[in-house]
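Chemist: Take a look at this one; I'll ask things after.
The values are calculated or read from the model by the stated rules, or taken from the named source; none is laboratory data. These numbers were taken from a predicted model, which means no experiment stands behind them. As a convention, Cβ positions derive from the backbone with ideal geometry for all residues, glycine included, and neighbour counts pool all protein chains shown.
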Amino acid sequence: MSVLDTSLNSIEFSEDIHFNAPFYETEDSYTISDIMLLYPSVDNLKIFLPYAPQCFVGTKLDLVNKTNFNITLYDYSGAVLIKNILPLQTIIVYLAQNDTSSGVWGTLDINTSSSSSSGIEYLEVSSQTSAITVTDGIVTGASGYVTLGASSNVVSLNNIDSPGIVVFSNNAFTVREIVGSDNITVTNSLGENGNPVIKLNSSLTNIASFQLGTLSLSSGSISVGNTILNSSGLTVSSLLYSSTGITAIDGISDIKFSTFDTGSLYLNDITIDSMNNLVSAGDITSKDLTLTGESFNAVNAACVVKDLTVTGTFQATGAQTDAWVTFEEVSISGGAVINIIKESSIASVTGRKGQYEIVFSNSYVNSEYGVHVSLGTFIDNEPPLSPTFAYYYGKEADRVRIAVTDINGQFVNILSSGVTVTILALT
């Protein structure tokens, strides 16, 4: 095989051959030319046209079969283009499109070896889309029929003769209409005059529920976030406001009331003013009462409290015990230790033989507190050490020292005796 002149090639071949465009030839292919004289040595050999994108649209080949053998012509992909190029027949092949590897080639039969024309020897018709159907698409010989038709989908689309929205359903095209409901109005529902318009009515009826952002409306209930209004009352977060009162429904939430500026809060006969003063015209009774504020005042009435916690200033008649302790010295092998029998707000008691230091749990500013010391005994029918004296000295903000002495001022051991120290202060 060799590259011949690009105007006229004479090709002898005994096996299938491939054509290439000029400048794209390979050792096992032949370069196309304007006129190509073909000399096959056996019958029914195959010729494959070149790769279409390497050729210009309009490229033309005159293929002349110079022998008594038939030749079959294929495109680049192997599809049959001409089933038989008959002996001494000339076929003109031209490239119509080159945007695919095979391209689109047209053919023209110029003449045959006899006075009678054989016409089209082979014709194959196919469809590149499912919208067109091809029946009996291959024709051989001088005549034949190919039936082209439209697919059932196209037929169903063509059969639509009424306005509406075209949809594909159950393997066929049909029309639909956008319809409204009790609360929705549709304008131009068939789409005849532009796009349909769907509008929510200004007045809604028969609505079981409605959701808009955090706003939810349902039968017998309105909710916005954690706020719910229903037959039980109004629930805000964890508080329920109902005819029976205000309830913390989670069991742990606080309930807080506040007024603006100098306004007061009235709960029956109890008044709480803007300075957080509580005044009652009657008795106030509570099992566990916590007061947070500056003052609590029960005017001409009794205030009965089982357990009272006060944060702020609590005004009361009489002395107030802020801290206290009862302790003794217990003899052990080699000495004695302090045993605290009972205490409140006392951090520690240390000391020995009549001299003791008591440390408070809380400090007092400027050591503003009073101290009371008393003596006792834990032995039945026996008075405490006598004569003895107990007094305090060395007051500090967080501690005080006490002493137990006899009439001569000598420190006295309090074994088997008890000392009670009471701290009086304003908290």
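Chemist: Evaluate region 44-57: report whether one residue or more is assigned to a loop (DSSP other than H, G, I, E, B), over 30 Å from residue 126 (Cβ atoms) and either touching a residue at least 24 places away in the same chain (Cβ under 8 Å) or among the polar types (S, T, N, Q) (or both). Explain how you work it out, then say what you get.
Modeler: Filtering region 44-57 for residues assigned to a loop (DSSP other than H, G, I, E, B) gives 44, 49-51, 55-57.
Right, trim to over 30 Å from residue 126 (Cβ atoms) and you get none.
No, every residue in region 44-57 fails to be assigned to a loop (DSSP other than H, G, I, E, B), over 30 Å from residue 126 (Cβ atoms) and either touching a residue at least 24 places away in the same chain (Cβ under 8 Å) or among the polar types (S, T, N, Q) (or both).
Chemist: Do you know which residues across region 82-110 are assigned to a strand (DSSP E or B), under 60 Å from the mean Cα position of the chain (by Cα) and buried (at least 19 other Cβ atoms within 10 Å of the Cβ)?
Modeler: So in region 82-110, the residues assigned to a strand (DSSP E or B) come out as 82-85, 90-97, 104-110.
In the following step, the residues that additionally are under 60 Å from the mean Cα position of the chain (by Cα) were identified as 95-97, 104-105.
Correct list: 95, 105.
Chemist: Please pick out the residue among 259, 290, 271 that is at pLDDT below 70, surrounded by 10 or more Cβ atoms within 10 Å (Cβ to Cβ) and outside the structural domain of residue 220 (by TED's automatic domain parsing). Talk me through it step by step, then tell me what you get.
Modeler: Working: 259 fails: at pLDDT below 70; 271 fails: at pLDDT below 70.
Criteria check complete, one pass: 290.
Chemist: Just checking, does region 204-215 include any residue being at pLDDT 80 or above, loosely packed, with under 13 Cβ neighbours inside 10 Å and among the aromatic types (Phe, Trp, Tyr)? If you could, list the steps in order and put the result at the bottom.
Modeler: Start the filter on region 204-215 by keeping residues that are at pLDDT 80 or above, which leaves none.
So far as region 204-215 goes, no, none of its residues is at pLDDT 80 or above, loosely packed, with under 13 Cβ neighbours inside 10 Å and among the aromatic types (Phe, Trp, Tyr).
Chemist: To continue, here is another question. Collect the residues in region 1-17 that are at pLDDT 85 or above and of a type in the set (D, E, K, R), keeping them in residue-number order.
Modeler: Within region 1-17, the subset at pLDDT 85 or above is 8-17.
Answer for region 1-17, where residues must be at pLDDT 85 or above and of a type in the set (D, E, K, R): 12, 15, 16.
Chemist: Another question about this same structure. Only residues that are modelled with pLDDT under 90 and over 15 Å from residue 396 (Cβ atoms): list them for region 352-371, please.
Modeler: Matches in region 352-371: 352, 353, 354.
Yes/no matrix, rows are residues, columns are (1) over 40 Å from the mean Cα position of the chain (by Cα); (2) of a type outside the set (D, E, K, R); (3) within 30 Å of residue 84 (Cβ to Cβ); (4) not assigned by TED's automatic domain parsing to the domain that holds residue 80:
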residue	(1), (2), (3), (4)
126	yes, yes, yes, yes
136	yes, no, yes, yes
176	no, no, no, yes
184	no, yes, no, yes
194	no, yes, no, yes
200	no, yes, no, yes
213	no, yes, no, yes
221	no, yes, no, yes
225	no, yes, no, yes
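Chemist: Among the residues of region 148-162, count how many are surrounded by 13 or more Cβ atoms within 10 Å (Cβ to Cβ) and either at pLDDT 85 or above or among the basic types (Lys, Arg) (or both).
Modeler: The number of residues fulfilling the criteria is 1.
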